[in-house]
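Visitor: So that we are looking at the same thing, I have put the structure below in structure tokens.
No value in this document is a laboratory result; all are computed from the given coordinates. Because the structure is a prediction, the values reported are computed rather than measured. A quick note on method: Cβ atoms are made from the backbone with ideal geometry, for glycine too, and the neighbour counts reach across all protein chains shown.
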Amino acid sequence: MRKHFLTIISHLVLLFGWAIAIAWLSLVNPPAVDYGVLSWDKLHHAAAYGGLMLLALISLRDWRTLNAINCVLSWFAVVAYGGLLEIAQLTLTSTRTAEWWDLFADGVGVSVVLLLVIYAEKRSWIS
């Protein structure tokens, strides 16, 4: 039981640490590069928010509450977090701008991870 508790705590620390890292990277001064719509920047967004979704789903699984409703709620929560950070970039910084394409990339990353986890669960790859 103690080992399970430590696993839950470590996964939650990773989840919130990852979320804080995304926030920090989203609000610091960006490099002076114009990436365009299809760029590495969008891949970074998809990977960062996909990772956040994976950690959220792992945390749900720790609590034995990984079900369809919680998966959908997690999807909305992670994408909403991306939206809030886009708004924060627009309102709290003078060096960042909010972009719909960034939010779209966030949603793509979150969706891909969710679909892969659902597939893995169905195939019993995750025990």
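Visitor: Which of rounded, prolate, oblate describes the chain, given a ≥ b ≥ c as roots of the alpha-carbon gyration tensor eigenvalues and a/c under 1.5 marking rounded, otherwise prolate only if a/b is larger than b/c?
Guide: prolate
Visitor: Extending each Cα 7 Å along its Cβ direction at S94 and V28, get the distance between those two points in nm, one decimal.
Guide: So the label points at S94 and V28 sit 2.0 nm apart.
Visitor: Here's a follow-up. What is the magnitude of the charge dipole of the chain about its Cα centre, with +1 placed on the Cβ of each Lys and Arg, -1 on the Cβ of each Asp and Glu, and no other charges, expressed in debye to the nearest 20?
Guide: Dipole about the Cα centre, nearest 20: 680 debye.
Visitor: Helices from the chain with mean Kyte-Doolittle at least 1.0 and a Cα length along the axis of 30 Å or more, per DSSP H: which?
Guide: Length and hydropathy pass: 2-27, 68-92, 100-122.
Visitor: If you don't mind, there's one more thing I want to ask. Please name whichever of L6, W75, T95 sits farthest to the positive end of the charge dipole of the chain, dipole taken about the Cα centre and charges placed at Cβ: Lys and Arg +1, Asp and Glu -1.
Guide: L6
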